[in-house]
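Note sheet for the following structure.
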């Protein structure tokens, strides 16, 4: 027969909440970094356009450079995606497809035309690629005495 007694159990709620919040922020930030890296590496540098359904090709590099991540304290989540495209819907059109206006020079004149773009997803596949690894980030995330 085994007898067990617990005496003077003390639970410091604020310390536990602080430890969990810090760990959660760290794990979510790692997840964001992994997804960002997967999205960036899926975009290859090529001169031609990518085939529909595949990640877009990078012609000059701004899409790859501007895929960032950040921890959103208010929503208690991590946000990953392209930023810094003022008045441009290009990243959204590439991911989901749609219509956009393309500017080009013809004989010294700047012309614009509407074009339909087939989806070339890069963020959703990056998330799906990294999804199986995400639960492993929580393993051993809270250590005794933290």
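Give me the Å³ per residue figure for the convex hull around the C-alpha atoms of the chain. Before the final figure, lay out the partial values.
Details: hull volume 23.6 nm³, N = 146.
Expressed per residue, the convex hull around the Cα atoms of the chain is 162 Å³.
Kindly state, to the nearest 0.05, the FRET efficiency for residue 83 paired with residue 49, given R0 = 35 Å and r defined as their beta-carbon distance. Walk me through the numbers on the way to the answer.
Details: r = 23 Å, r/R0 = 0.66.
The pair residue 83/residue 49 has a calculated efficiency of 0.90.
In nm, to one decimal, how far is the modelled label at residue 105 from the one at residue 140, with both set 7 Å along Cα→Cβ?
Reported label-point gap for residue 105 and residue 140 is 5.7 nm.
Given a Förster distance of 30 Å, report the FRET efficiency between residue 73 and residue 128 from their Cβ-Cβ distance, rounded to the nearest 0.05. Don't skip to the end; give the middle numbers.
Numbers: r = 26 Å, r/R0 = 0.87.
For residue 73 and residue 128, the calculated efficiency is 0.70.
Please report the relative contact order for the range 13-138, taking Cα pairs under 8 Å with a sequence separation of at least 6, and give it as a percent rounded to a whole number.
27 percent
Read-outs: derived from the displayed coordinates by stated rules, not from any lab. Computed from a predicted structure; not experimentally measured. Methodologically, a virtual Cβ is constructed for each residue, glycine included, from the backbone with ideal geometry; neighbour enumeration extends over all protein chains shown.
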